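Taking it in order: structure first as structure tokens, then the write-up.
The values are calculated or read from the model by the stated rules, or taken from the named source; none is laboratory data. Everything numeric in this text was worked out from a predicted model, so none of it was measured. Please note: Cβ atoms are built from the backbone with ideal geometry, for glycine as well, and neighbour counts cover all protein chains shown.
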Amino acid sequence: MTLYLSLFVYSLVLLVLPLQISYAVESEGPISTNVFEYDASVGFLDAGTLTLELTEFKDKYEVLGRFESSRALSKYYTWNGVFAAKGHWEEGARKTDGYFVRSEGSDDHFKMVILSEREARLLEGIGEEFETIARPGGTDLISGLFFGSGCYKDELLHDGEDSYPVKAVKIKSTKLVSTDLYVSGKALECTYQVSDRKQRRRKIYVTQTQHQGTAVAAKIRIAISFFPDPTFRLRRQYSTN
């Protein structure tokens, strides 16, 4: 994971500064650190790899992440991004304290979002000025959907910039088919209805299981009308550098 950490050390400093007082009292070391690797696909097209590193403390957590487009997807469009989140447990659920994301695409689109406890700062385009915006409500998408313990119960999720109304509309026990490549076994499937910034409704299917001692999403599928569904599947083992 060290290969991509240097890409956003400076921005992590900006993220950590508003939180340093609350985290200075955290004297215990991490309880566990696990790495989870997902294959992303759109229909039959290999879209890339999402890698998440989750570090748990007594009542806090940290997530580092990276998405890399595949060669197949790069024929049409390239999107790469890195992000980090810090949060705490509250009433059995993860709550975001700080969040950072930096992304860039082959169309020269560049974006950076830094979320603190009080506000969010947005940068769109290299050479542009940071814009300060109101802090969105809810928990960040990664913490809420990938690492929730049970289905997400709050009414909002956010991407550091915008909030999205969310509602669990169906919950059922299921079983992931056994394969050599992907995590399998007993699981819980949570179906959410999510509205985007244009008030378009999407359904997101999150299949959650226990892996490496952590409640984690083993499969996430986003239903999109008239297009193949983007899907993330959790590998059995972390395999990239």
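Here is how the numbers come out for the structure above:
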| read-out | value |
| --- | --- |
| The range 200-226, residues that are in a loop (DSSP other than H, G, I, E, B) and free of Cβ contacts under 8 Å to residues at least 60 places away in the same chain | Arg200, Ile224, Ser225, Phe226 |
| In the range 136-150, residue modelled with the lowest pLDDT [restricted to those that are buried (at least 17 other Cβ atoms within 10 Å of the Cβ) and in a loop (DSSP other than H, G, I, E, B)] | Gly148 |
| Pair list, Cβ under 7 Å, 6 or more apart: the range 172-185 residue under 15 Å from Ala215 (Cα atoms), other residue in a loop (DSSP other than H, G, I, E, B) and β-branched (Val, Ile, Thr) | Leu176/Val183; Ser184/Val177 |
| Selection count where residues are of a type outside the set (S, T, N, Q), in contact with a Lys or Arg (Cβ under 9 Å, 6 or more places away or on another chain) and either surrounded by 15 or more Cβ atoms within 10 Å (Cβ to Cβ) or modelled with pLDDT of 90 or more (or both), scope the range 171-202 | 13 |
| Unique residue being modelled with pLDDT under 85 and either touching an Asp or Glu at 6+ places or on another chain (Cβ under 6 Å) or surrounded by fewer than 21 Cβ atoms within 10 Å (Cβ to Cβ) (or both) when the list is Gly81, Gly127 | Gly127 |
| Qualifying positions in the range 151-163 - surrounded by fewer than 17 Cβ atoms within 10 Å (Cβ to Cβ) and aliphatic (A, V, I, L, M) | Leu156 |
| Hits in the range 151-177 - residues which are under 16 Å from the mean Cα position of the chain (by Cα), closer than 25 Å to Thr132 by Cα and in a loop (DSSP other than H, G, I, E, B) | Asp159, Gly160, Glu161, Asp162 |
| The lone exception for Arg197 - which of (1) free of Cβ contacts under 8 Å to residues at least 40 places away in the same chain; (2) more than 18 Å from Asp39 (Cα to Cα); (3) under 15 Å from the mean Cα position of the chain (by Cα) it fails | (3) |
| Residue within the range 144-156 that is of a type in the set (Ser, Thr, Tyr) and out of contact with any Asp or Glu (no Cβ under 9 Å at 6 or more places or on another chain) present | yes |
| Some residue of the range 181-195 being charged (D, E, K, R), farther than 30 Å from Leu115 by Cα and not in a strand (DSSP E or B) | no |
